[in-house]
Amino acid sequence: MGQSAGPAGRGSRCIALVGPYLSGKTTLLEAILARTGAVTRQGTITDKNTIGDASPEARDHGMSVELNVADATFLGENFTFIDCPGSIEFQHEGSLALTACDAAIVVCEPDPKRVPALQLIMKQLEDRGIPRFLFLNKIDSFDTQVRDILPTLQPASSKSLVLRQIPIWEKGVASGFADLALERAFVYRKQANAEVIEMPDGVRDRETEARFKMLEQLADYDDELMEQLLADIQPPREKVFTDLVKEVQDGLIVPVLLGSAENGNGILRLLKALRHEAPFVDRTAKRLKLENAKSAAHIIKTIYTPHGGKISVARVLAGEFGEGSVVQGAHAEERAASAFSLLGAEAKKRPMAKVGDTVALGRLEKIISGETVSTDKGGITQVPAPVPSQPVYGVAITVKDRKDEVKLTSALARLMEEDPSLSVEHAKDTHQMVLWGQGEMHLRVSLEKLKRKYGVDAESRRRQVPYKETIRKGVEHVRGRHKKQSGGHGQFGDVVIDIKPLPRGSGFQFAEKITGGVVPKQFIPSVEIGVQDFLQKGPLGGFPVVDVAVTLTDGSYHAVDSSDMAFRQAGRIGMQEGMPKCNPVLLEPVMEVEIAVPSEATARVNGMIPQRRGQILGFDARDGWAGWDVVRAQIPESEMADLIVELRSATAGVGTYTSKFHHLAELTGKLADNILAAHKEAAE
């Protein structure tokens, strides 16, 4: 990450590249680096030689799976570009980085089908007040007029999409563009800067019409410009650019630029727009309420490297950071071992980073992604970090080699530190370790990293559902008698118990009605323990038993042979005798689910739910999301393992859901028989 530069020492700017999956963000980063001379040759995804997506996982799957950072210098000003993954499964990576970025380039194809995915990106930027540009990529594949495309994309943005360029067509192919602010025409040159040409006769009228539309949109926020337009006064070019800068930086409009990242077209104009209109770090610090801070940096990414250990990628918002800096985080104070510039996977040692720079700091072992750090002794107020979405896909994991069990724990901890949208659950009922994430690909990539980076080869399997058992009727006066004589002191415990069902959700209750000391008080707790021992594995399929009340009513003891262990065993025997007579039944967990989808997919989702034995409770418009619905339902947990896979398939990759346990429901018939048979087979 480069040395500070920019007008009046305002520092490097940090720009995020965001957009839907496969929109061309990594290719755009490569084109920017090539155009600015940061690399000598533009790499391609096909050739697997790009600066971004350099990890084996990204190249194997042909998609971004983590953010990539690279510096570039353009006309004497320094920029850091952060290429963020487009898939919804990896979007938390970008979400953390966006916090400290000055602006974002939203990369999108001119395809109305991408509107929901585009809206996911735009909404996040709008909610966080981040200025943004829309780069319509793959102009060489346009088969529709831009003026027709823009209205179809507008629903993705609550702010006006303001067209800055119109294409110049030649035999059905975009050969160049007219810049509406400059009022100049350009012709594309592959992998080179566009050349200025005379405005073609057939373009002049379109350019005049489109420019007036642009000015009208700018005038929505400028009364003086509106008066000039109403009076048919041509505003000065300086006035137009002043309005563009102000309205972009205030987040009032979204400028739309055109190009083809693969061919290097439109890159120069995009860079010039960034240079003139993207805000500097002072505005970002103000947005984050750090404008008065003497020292502040935001940790946007944690990376564990094979040789350099842990490095923390940080955007400097105030002051200076570098090798030897004593850094105060939210809960710890540490000394940075080193400072690096990054160009994709390459790290190069560098001197102190100044305000605006994005730098990798070494060995901040207790500092995590999302923290705000300072070199001031008192520390600094923490900028709220985005919370990962609730996990929607989980798999049970085990190591192939038992000697890796200890290594697995530490490796998972590092993996989750690098990617906070992962989590691990130690399932109490099923005794499985479950790795949770944002989708099937997310977990596949995570397991691949686990093996490559940490040498832990883990197997994944379908996670087990935590079924329970209960009873439908009670039974009284069940005797549990344990007697054993084997020389010396024997063992004797004798109890009589009543067993009855409880309302759903009541759990377990134990009571005693002993009179005359037939069971001494000191042994009664042992009877309860024995009862609970049995309830860990019920009579049907060995699942935990719930919603049962047991009352100790009678019994007997031996002055010498009775003991805690004997009465514990007696309690267990009593349950073993009585429970099969109580009409035991299997219970399955049912989840309360809220599914968020674009409105056009609501009918498909409503069809999916009954197929999964679910019950639709209703649906409403999604609050704050134009064109989206939220479907509420209850679905058995056993039917939800691959719900997110089908949901994403039905919604072009954007649907998601949240869920929580709601209740246990009885399960009978063939389904219950199959579950019990499978559980019995697995236990043998």
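The values are calculated or read from the model by the stated rules, or taken from the named source; none is laboratory data. This one's a predicted model, so the numbers in the text were calculated from it and none came from an experiment. Glycine also receives a Cβ, built like all others from the backbone with ideal geometry; neighbour counts cover every protein chain displayed. What goes into the accessible areas is simple: the full protein's heavy atoms, side chains included, and nothing from ligands, DNA or RNA. Shrake-Rupley method; radii C 1.70, N 1.55, O 1.52, S 1.80 Å.
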(request) Rounded to the nearest 10 degrees, what's the angle between the helix 115-127 long axis and the longest principal axis of the chain, both from Cα atoms, 0 to 90? (result) 90 degrees
(message) Can you return the lysines within cross-link range of LYS483? Criterion is Cα-Cα under 20 Å, with same-chain partners fewer than 8 residues away left out.
(response) LYS521
(message) I need the shape label for region 276-413. Rule: rounded when a/c is under 1.5, else prolate if a/b > b/c, else oblate, with a, b, c from the alpha carbon gyration tensor.
(response) prolate
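May I ask you to give the percent of accessible area on the chain that is carbon plus sulfur, with a probe radius of 1.4 Å?
Taking all protein chains in place, the chain shows 50 percent carbon and sulfur surface.
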(request) Compute the long axis of helix 267-277 from its Cα atoms, compare it with the longest principal axis of the Cα atoms of the chain, and write down the angle in degrees, 0 to 90, nearest 10. (result) 90 degrees
(request) Evaluate the relative contact order of the chain (contact order divided by residue number), counting alpha-carbon pairs under 8 angstrom at least 6 apart; express in whole percent. (result) 10 percent
(request) Report the net charge of residues surrounding PHE523, where surrounding means a beta-carbon distance below 11 angstrom and charges are Lys +1, Arg +1, Asp -1, Glu -1. (result) -2
(message) Could you tell me the center-to-center distance, by alpha carbons, between region 478-522 and region 279-324 in angstrom?
(response) 64 Å
(request) Just check region 1-135 against the gyration tensor rule for me: Cα atoms, a ≥ b ≥ c as the square roots of the eigenvalues, rounded for a/c under 1.5, and otherwise prolate or oblate depending on whether a/b exceeds b/c. (result) oblate
(request) Pull up the cross-link candidates among the aspartates and glutamates for LYS660, meaning alpha carbon to alpha carbon under 13 Å and not fewer than 8 places away within one chain. (result) GLU592, GLU594, GLU637
(request) Please name whichever of LEU244, SER260, PHE543 sits farthest to the positive end of the charge dipole of the chain, dipole taken about the Cα centre and charges placed at Cβ: Lys and Arg +1, Asp and Glu -1. (result) PHE543
(request) Note the angle between two axes, namely the Cα long axis of helix 405-418 and the longest principal axis of the Cα atoms of the chain, as a number of degrees from 0 to 90, rounded to the nearest 10. (result) 40 degrees
(message) Could you put GLU66, GLU681 in order of accessible surface area, largest first, with the 1.4 Å probe and the full protein assembly present?
(response) GLU681, GLU66
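For every other residue with a beta carbon closer than 10 angstrom to the beta carbon of ILE45, add +1 if it is Lys or Arg and -1 if Asp or Glu, then tell me the sum.
So the surrounding residues net to -2.
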(message) Run lengths n ≥ 4 of DSSP H only: what is the helix-derived mean residue ellipticity at 222 nm for the chain, with -39500 (n - 2.57) per run over all residues, to the nearest 500?
(response) -8500 deg cm²/dmol
(request) Just tell me which aspartates and glutamates come within less than 14 Å, Cα to Cα, of LYS25; anything on the same chain fewer than 8 places away is out. (result) ASP53, GLU66, ASP83, GLU109, GLU262
(request) Please express the shape of the chain as an equivalent ellipsoid: the semi-axes are the square roots of 5 times the eigenvalues of the C-alpha gyration tensor, given largest first in whole angstrom. (result) 62, 29, 22
(request) At a 1.4 Å probe radius, which order do ILE497, ILE233, ILE514 fall into by accessible area, largest first? (result) ILE233, ILE514, ILE497
(message) Could you compute how much accessible surface SER649 exposes when probed at 1.4 Å, giving the result in Å² to the nearest 10?
(response) 100 Å²
(message) How high is the relative contact order of region 516-573? Use alpha-carbon pairs under 8 Å, at least six apart in sequence, and give a whole percent.
(response) 56 percent
(request) Provide the per residue accessible area, probe 1.4 Å, for the chain, rounded to a whole number of square angstrom. (result) 44 Å²
(request) Kindly report, to the nearest 10 Å², the accessible surface of HIS61 as traced by a 1.4 Å probe over protein heavy atoms only. (result) 50 Å²
(request) May I ask you to derive the relative contact order of region 53-135, considering only C-alpha pairs under 8 Å and at least 6 residues apart, and to give it as an integer percent? (result) 21 percent
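Mind ranking HIS482, HIS489, HIS431, HIS662 by accessible surface for me, highest first, 1.4 Å probe?
The ranking, largest first, comes out as HIS431, HIS489, HIS662, HIS482.
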(request) Determine how large the accessible area of VAL424 is when every protein chain is in place; take a 1.4 Å probe and give Å² rounded to the nearest 10. (result) 40 Å²
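Could you tell me which chymotrypsin sites (Phe, Trp or Tyr not before Pro) in region 121-208 are loop residues by DSSP with no more than 13 other beta carbons within 10 angstrom of their beta carbon?
Sites meeting the loop and neighbour criteria: none at all.
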(request) Would you work out the charge dipole size for the chain about its Cα centre, treating the Cβ of every Lys and Arg as +1 and the Cβ of every Asp and Glu as -1, and quote it to the nearest 20 debye? (result) 1700 debye
(request) Report the label-to-label distance for VAL326 and THR658 in nanometres (one decimal), using points 7 Å from each Cα along the Cα→Cβ vector. (result) 4.2 nm
(request) Could you work out the local net charge near SER55, counting Lys and Arg as +1, Asp and Glu as -1, over the other residues with Cβ closer than 14 Å to its Cβ? (result) -2
